[in-house]
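Have a look at the structure below, then the notes.
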Amino acid sequence: MKDLNLDYFEEAAKFVQSHPKVKGPSIGVIGSGKGAQLAFSMASFLPNIAAVVSINGCISNTTTALRCGSFILPGLPFNLDKISAMDSGVYDVTEALEDPLDPAYRESCILLEKANAHFLFIVGEDDRHWKCSVYADIAVKHLTGHGKTNFTLLSYPNAGHRIDPPYSLFFPVSLDPVLGVHVLGGGQLKAHAVAQIESWKKILEFLHLHLG
């Protein structure tokens, strides 16, 4: 994956803000997985981001560097030695992402404390793509440590990585675009479906509350 530039996402935000059907000036951003990291970065570096929904995100920028003007967030790497192959040919990458709290990777941490946005953290407790419950706890402690209370954490037992809108297909296994192999996503069908339905209601309530 090539390095990313926040200018691209700033252009998209400005396009949305200028749309005649958007109330503005503030907007909300929803991101899942890597997309959640980009949503965090938008809220931290761009103006008028009032609400961020993170679905199984990580507080650190992962995999590839993200340029934010003159500031660069290096990518928190995956440790390929911690990836295990199953008999089915599917890979388990749960332990592969390096520890965001490791001082060696401190510069990858997204500066959430700089954001004026409100955050909604949605967590699938059976996420097998990475340790999203741990990462959400880190984010909450990070914000709290900076005197912030602008967050809500919702955690869903037995839900996996891809908590998509209600009635979306359930993907316990998916093709990882970075690694290029099929990886476990986790989750149990019924519990995951319930999480999709319930979290979507909460997302809409959250966006209505903070965007008017």
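The lone criterion from (1) modelled with pLDDT under 95; (2) within 14 Å of residue 181 (Cα to Cα) left unmet by residue 92 is number (1).
Can you list residue pairs whose Cβ atoms sit under 9 Å apart, with the first residue in region 168-180 being outside any loop (DSSP other than H, G, I, E, B) and the second being among the hydrophobic types (A, V, I, L, M, F, W, C)? Count only pairs 6 or more apart in sequence or on different chains. Partner pairs satisfying both residue conditions: 173/90; 173/183; 173/184; 174/183; 174/184; 175/181; 175/183. Being charged (D, E, K, R) and more than 13 Å from residue 54 (Cβ to Cβ) narrows it down to one of 164, 127, so name that one. Unique residue meeting the criteria: 164.
Yes or no, residue by residue, for (1) within 26 Å of residue 95 (Cα to Cα); (2) more than 18 Å from the chain's Cα centre (by Cα); (3) at pLDDT 95 or above:
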site	(1), (2), (3)
147	no, yes, yes
171	yes, no, no
180	yes, yes, no
202	no, no, yes
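Within the option set 191, 159, being part of a loop (DSSP other than H, G, I, E, B), over 21 Å from residue 51 (Cβ atoms), in contact (Cβ under 8 Å) with a residue 12 or more places away in the chain and touching a strand residue (DSSP E or B) at 6+ places or on another chain (Cβ under 8 Å) holds for one residue only, 159.
Which condition number does residue 128 fail, the rest of (1) surrounded by 19 or more Cβ atoms within 10 Å (Cβ to Cβ); (2) closer than 25 Å to residue 67 by Cα; (3) not polar (S, T, N, Q) being met? So the condition that residue 128 fails would be (2).
Where strands (runs of 3 or more DSSP E) fall wholly inside region 17-112, the ranges with 2 or more residues that are in contact with a Gly (Cβ under 7 Å, 6 or more places away or on another chain) are 49-55.
The values are calculated or read from the model by the stated rules, or taken from the named source; none is laboratory data. Note that the coordinates shown come from a computational prediction; the quantities given were computed from them, not determined experimentally. Counting neighbours? That spans all protein chains shown, and the Cβs are built from the backbone with ideal geometry, glycine included.
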